[in-house]
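Any read-out appearing in this document is the output of simple, stated calculations on the displayed coordinates, not a laboratory observation. Small disclaimer: the values here were computed from a predicted structure and weren't measured. With ideal geometry, Cβ positions are generated from the backbone for all residues, glycine too; neighbour counts draw on all protein chains shown.
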Amino acid sequence: MENTNLKLRGMSCASCANTIEDAIRSVRGVNECSVNFGAEQATVTYDPSKTNPKAICDAVDAVGYSAMPIQDDDLYTTDDAEQQARQAENRALVRKVWVGGIISAILVIGSLPMMTGLSIPLIPMWMHNPWLQLVLATPVLFWCGASFFINAWKALKRHTATMDTLVAIGTGTAYLYSLFPTFLPGFFTERGLPPDVYYEAAVVIITLILLGRLLENRAKGQTSQAIRKLIGLQAKTARVIRNGTEVDIPLTEVIEGDIVLVRPGEKIPVDGEIIDGSSTIDEAMVTGESVPVKKHPGDEVIGATINKTGSFKFRATRVGKDTFLAQIVKLVQQAQGSKAPIQKLADQVTGWFVPTVIAIAIATFIIWYNIMGNVTMALITTVGVLIIACPCALGLATPTSIMVGTGKGAENGILIKGAESLELAHKLKTVVLDKTGTITQGKPTVTDFVTVNGTANGNELNLLRLAASVERNSEHPLAEAVVNYAQFQGVELTDAEDFEANAGSGVQGYVSNQWVQIGTHRWMNELGIDTGALQEHWDRLEYLGKTVIWIAVNSKIQGIMGIADAVKPSSVNAIRTLQKMGLEVVMLTGDNRRTAEVIAREVGIKRVFAEVRPDQKAETVEKLQLEGKIVAMVGDGINDAPALAQADVGMAIGTGTDVAIAASDITLISGDLHGIVTAIQLSRATIRNIRQNLFFAFIYNVAGIPIAAGILFPIFGWLLSPIIAGAAMAFSSVSVVTNALRLRNFHTKTTG
């Protein structure tokens, strides 16, 4: 199976989205299809041996719409093209709104005597003329409102109905009815009926709906602001060294293996590995991490991040669509184009909404005409029902919030792979955290260094030099911790001779003619070295769950080191915040129970699963699910991948392995646990926003249609004007999109 994303054109409401979805699903070889009305995009899974993107696009064209595959190479151009197309559409709408607005004003003023039943001397008689109103109204209906009638005709040929159908029937009915008193006024006067015309209603309705569509388009354009922000982060050019000469070239011309030079204050153009020089780099726009990161030769750099202090050269390793930023943009686009489960309700409603409204409108006309015998009243209520019913608000309620929510997540260094994950995250009850690399730094660090002779006369630094000089010949993670600690203390290391590593015990060698042995307590006992001088410190460090290594010089104990995987600075606050949000936080680790419980106490976790083998991690998550809990798993290693896949929501630390990231639903780019807080709070805010949108959309239609049908007339003698119905319909979808845009103000709330 393969996936393709299609950019759609021509949709006017959620009914159009349902029609396109049905057309695509009818193509042989299509397995799944999701059409997002708000994003104007379709995500299709298909069998390439049976069909292809062209055949799928042809199926969309056949039902009166257009579709175009979104290629990976279009990653940075598609958004610009979309913006230009939207701007062109908006300019055309502005022209039509101006024309319609001016003519509407003339017609409304001319119709005031008819609407009020009063003679208004200030209004010239020529403005009352129905022939003039016909001449003015015709271009508005059939030029400004041409799209409504064209789309309604296309829908009729497909045996379907859309919002355009409602508008075309409503305004067309008012226009056609008005032709009779215009051409045959005597027919009405002879029967005692007023020869009233309703050109102004048709014109004002068309104008208001076009105004609403213009405002809606502008608001929808803002929902993809996150994509444009991400794309805008990239540099435009790169300074590369070719044939020994520095040349500035467009970003698209950089190839893998190019040597790129970056100066202070410049953006890093593509991903790569530093080969010369060092600097600090601001990675906030990609990772969300505000503190600049120190980089040295061998370290990776990310395209679009900002070089702060030094100059350096790096070798380009990923360019174009393969860069980290490009992958982020692609993931956000996929997420914005996906459909949340909560949207299924709206889709089910819109599937039968338009036919039902047409049926209600016909029934309204028949009932009022039979009861009152007044064709004018029957016409007003019928047109009102057709115009006020708006499936757009229902269709926009979910996708606009999803688009803004996933975009906001990307701005905060959180990649959400699909709308389903974003929705499910708000239901979480339990968050399972892997210990190593998630709660902790993921690498051993020297936390304690105790010597027999104290720090006098530089004894401590000299002992550290001896130990680290031997350890740097070892590849063991604990040896790396000792060497890093020594370098951090500014100790200059020397060569070790006769180096020997004893598996599971320790290492030894000569440094400056001194025999240095570093290893476990058991090994020291086997060597017959007395450890009594530091026994008390050893007991304390062991109790704290730290790994203790002993240092002997010339067969006498001189010091011990406590080594532990240090807790990330943000872990305690993030875990406390999760607990205050009502979530149970659980630790899962393969480490021994003592070490696990020490870390758990430090960060405030009460429930710990320790000494769990990699193949048992998924089983542990399943056990929690069997307790009736909706579980999120957070991890960073290859051995976490099965558990990430088993969890209801898998969250991968972005600094971890590609396998873990691929198995997850949400990726936390920076590795900071506050990303979990942000992801869950963003999910809750997004779902709350969607529910608000759906509530307003449903209430609007449930209340609006009966009022337009004249349900209040027997009580108050009042009918809803089709003009007011048109204004209400136009602004209902605008209000939904505007409410969704409030998510752009989302901020994470953490415990201080």
Next item on the list: Would you please classify the overall shape of the stretch 463-504 from the alpha carbon gyration tensor, given that a ≥ b ≥ c denote the square roots of the eigenvalues, rounded means a/c under 1.5, and beyond that prolate means a/b larger than b/c while oblate covers the rest?
Entry: oblate
Next item on the list: Would you please classify the overall shape of the stretch 469-532 from the alpha carbon gyration tensor, given that a ≥ b ≥ c denote the square roots of the eigenvalues, rounded means a/c under 1.5, and beyond that prolate means a/b larger than b/c while oblate covers the rest?
Entry: prolate
Check: For Val452, which sequence-distant residues (separation of 5 or more, or a different chain) have an amide H within less than 5 Å of its own amide H, given hydrogens modelled in the peptide plane?
Finding: Gly559
Checklist line | Cα centroid separation - the stretch 1-29 against the stretch 408-425, whole Å | finding: 24
Notebook entry, point to check: What percent does the relative contact order of the stretch 537-628 come to when contacts are Cα pairs within less than 8 Å and at least six residues apart?
Noted result: 22
Check: Mind checking which aspartates and glutamates have their C-alpha under 16 Å from Lys427, skipping anything on the same chain fewer than 8 residues away?
Finding: Glu584, Glu627, Asp648, Asp665
Next item on the list: Search the structure for amide H atoms under 5 Å from the amide H of His476, placed 1.01 Å from N in the peptide plane, and list their residues when 5 or more places away or on another chain.
Entry: none
Notebook entry, point to check: Too long at a 22 Å Cα-Cα cut-off: which of Lys435/Lys617; Lys294/Lys408; Lys295/Lys443?
Noted result: Lys294/Lys408
Notebook entry, point to check: Once amide H atoms are placed 1.01 Å from N in the peptide plane, what residues at a sequence separation of 5 or more from Asn31, or on another chain, have their amide H within under 5 Å of its amide H?
Noted result: Thr45, Tyr46, Asp47
Check: Past the 26 Å Cα-Cα mark, which pairs from Lys606/Lys749; Lys7/Lys429; Lys313/Lys417; Lys236/Lys308?
Finding: Lys7/Lys429; Lys313/Lys417
Checklist line | Cβ-based net charge around Val482, under 13 Å, with every Lys or Arg adding one and every Asp or Glu removing one | finding: -1
Next item on the list: Can you bin the stretch 437-577 into rounded, prolate or oblate? Criterion: square roots of the alpha carbon gyration tensor eigenvalues sorted a ≥ b ≥ c, rounded for a/c under 1.5, prolate for a/b above b/c, oblate for the rest.
Entry: prolate
Checklist line | Local net charge near Asp434, Cβ-Cβ under 10 Å (Lys/Arg +1, Asp/Glu -1) | finding: 0
